[in-house]
Structures are given as structure tokens and as C-alpha cells.
1. Kindly indicate whether residue 47 is hydroxyl-bearing (Ser, Thr, Tyr), touching a Leu at 6+ places or on another chain (Cβ under 9 Å), in contact (Cβ under 8 Å) with a residue 24 or more places away in the chain and within 17 Å of residue 169 (Cβ to Cβ).
2. Looking only at segment 269-305, which residues are more than 29 Å from residue 28 (Cα to Cα) and either free of Cβ contacts under 8 Å to residues at least 24 places away in the same chain or of a type in the set (A, V, I, L, M) (or both)?
3. Of all residues in segment 90-112, which are outside any strand (DSSP E or B) and free of Cβ contacts under 8 Å to residues at least 60 places away in the same chain?
4. State the number of residues belonging to segment 170-191 that are part of a strand (DSSP E or B), touching a residue at least 40 places away in the same chain (Cβ under 8 Å) and charged (D, E, K, R).
5. Name the single residue, out of those in segment 302-314 being surrounded by 14 or more Cβ atoms within 10 Å (Cβ to Cβ) and not in a loop (DSSP other than H, G, I, E, B), that is modelled with the highest pLDDT.
6. Let me confirm something: among 293, 299, which residue is assigned to a loop (DSSP other than H, G, I, E, B) and among the basic types (Lys, Arg)?
Amino acid sequence: MRRTPTQVALVTATALTLVACGGGDDKDSQAPSAPTGLSVQAGSALSAHVMWEQAKDNVAVSGYVVYRGKDKVKDVPADTTMVDIADLKPSTAYSFSVRAKDAAGNLSPHSEEKPVTTPAVTAEDKKAPAQPVKLRGKHDGSKGAELTWSAPEKDEGITSYDILQGGSKIHSVGGGETKAKVTGLRPGTAYSFTLQARDAAGNTSPASDPVKISTPKGPGDDPDTAPVSFKVERHKNVKEGVYYLDLSWLPPEVDGQVPSYEIHLNGKLTTTLVWGNKPPVGKTTESVFAGKKPGVSYKVKIRAKLPDGEWGSFSPELTMVTGEATP
């Protein structure tokens, strides 16, 4: 169904974020699969870092619920597979598990439960650890990377290392580790990673020098992350006397859900579409306001935000001229 003209408008100066709330399917009674690959690492004496792999559902996973023992402690969206749990106690044993949920309210079984013990802390500790050094890396197949580093000299008390990609934390490992594997990357893509050390008091070191890694194109991998079957038509609202560009496309063929898209007109970002609940399945349509004047030419292209948080490739750029309704 095409959205009304008031729902999607042309913005020339800044991007407009639209939140389309998808509803649950009353006929959907199938629960998602249990999340796998759960790992838990004490980030400090007062926090823990919980990570897992994406679950699967017959329609779509709408989010995850994190449990500490039997208690629910955090809800996270479907495109997030890690979270920091704060307000813990020093020198205390905990266990965590995760469940997936869908838009109809179905909950998966619990993932495997993982234990963790927070370290002790000295209240007066306000000194950050030294900067990690000699960060090195290489690709691990077409969808992963392996990082190694050296622990800071003459520095004690590191409880964990945070791995950042593009400034955002994507993984944590214990303070005694000097290597880590990063998964869920895209084939044929360049990445930049940095590393920070954290102590039991939560003090964080400066980031290491970055290391750049490019994943190769693996056999059978499709590196094209652009939306599929992108089309542009037009129509005129006779009552209002204005024109609209009618866009339609299919999501790129990637693992996981696409949480948002960008629409670019004449080379500039115009609109960002964000789904707050369940992204549409299959064909997506949007109408973009194009003014009252006929004969105006627009070059239109779109791109998707992929499950790993990176923006995918642009669709082919199509040209449409405002005029009478397309037959």
C-alpha cells in the first residue's frame, strides 16, 4: 500500500527520519530459534559485556531479551547482538542468557547460560590503563578477521579489551587475552579496527593505532549489497496539485534484517527511512514529495543499512521527470 503524501516529504536541507511501526501478525504462533554463540566477559567490576549470534524466525526477529539468572535485565533491538550490563557488584558471580522475540510476541527458548565473575575494585582507582600497542590484523576468510596485540608494559589491572570498528565497540575479550576473532563481516570490504584497555574501575585507555583489514571475495559470496529491483514511477495528486516520486525495491540479499534505508535525490541525502519494530518483508514502496512544477528532473538512488551497521552499495541511479501520472 502506498503511503499518503503527508507521511513522506522531500527535505532539501536535512535528512528526515521516518519511523514506521510494524504490527504483529496475530496468526504467527511460531517462536524464533534460541540465540547461539553466547559469550559473557566482565567489562569492569561493575559491568559485563554479553554477545550472541542472530536468531532466526519464520517471519522476522523483532528484538532480544537479556536475562541475569531468571531476571529480565535488558531489551535490545533486532539489529543488535551485544550489550553492556551495568550496575553489577564487584567480586560477584553472575550468569546470563538471551531469548529472541518476534513482533507477534513469541519468545524463543533461552540460549545457553554463561557464567561470569566480576573482579574486585579499588574505589580510589581513577587512573586509566596504558594504550595497547602493536595492534595487528588479517582477514580470517571472507567474513571474519583475526586481531593480535601486545599488552601495555608495566601496566596491571586490565580486566578487558574493547575492540572498536569505526568508533563503535563490537567485541570484548578478557584482560589476559592478546588476540581476538571478529565475525559477521562482509566479503570484499575494507574495515578499520582499534583497541582500548579497561580496568576493574571502568577506566578506559586511549585507543590504539588503527589497523586496516580488507576481506576478500569468497567463492560463492555475492558482494553486491545494493537494494534489488529498484524502480521509480510518478503520480500527481490532482486535489493538491503536487507531484510525487513513487519508489519500490526489494531488500539486498544479506544475512539478517535491514533496519533502514537512505533516499538520495540529485546526489544529496533527502530522507532516511527507519523501522522501529519489524522491517517490511519483500517489496517496499515509498512516495517522495517532488513539488508542484512539472518538467523537473530528479536523479534517484537508495542504499540500505546492513545488519553489521555498515551502509551497503547504492542502487542504480534512475531519472524521473515530474509530469502527468505514469500510465
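The values are calculated or read from the model by the stated rules, or taken from the named source; none is laboratory data. None of the values given here were measured: they were computed from a predicted structure. Positions of Cβ are backbone-derived with ideal geometry, glycine not excepted, and every protein chain shown enters the neighbour counts.
1. On the way: hydroxyl-bearing (Ser, Thr, Tyr): yes; touching a Leu at 6+ places or on another chain (Cβ under 9 Å): yes; in contact (Cβ under 8 Å) with a residue 24 or more places away in the chain: yes; within 17 Å of residue 169 (Cβ to Cβ): yes.
Answer is yes for this residue.
2. Scanning segment 269-305 gives 269, 288, 290, 296, 300, 302.
3. Keep residues of segment 90-112 that are outside any strand (DSSP E or B), which gives 90-92, 103-106, 108-112.
Listed by number, the residues that qualify are 91, 92.
4. Going through segment 170-191 one residue at a time, the tally reaches 1.
5. Among residues in segment 302-314 that are surrounded by 14 or more Cβ atoms within 10 Å (Cβ to Cβ) and not in a loop (DSSP other than H, G, I, E, B), the one modelled with the highest pLDDT is 302.
6. Numbers: 299 fails: assigned to a loop (DSSP other than H, G, I, E, B).
None of the others qualify; the one that does is 293.
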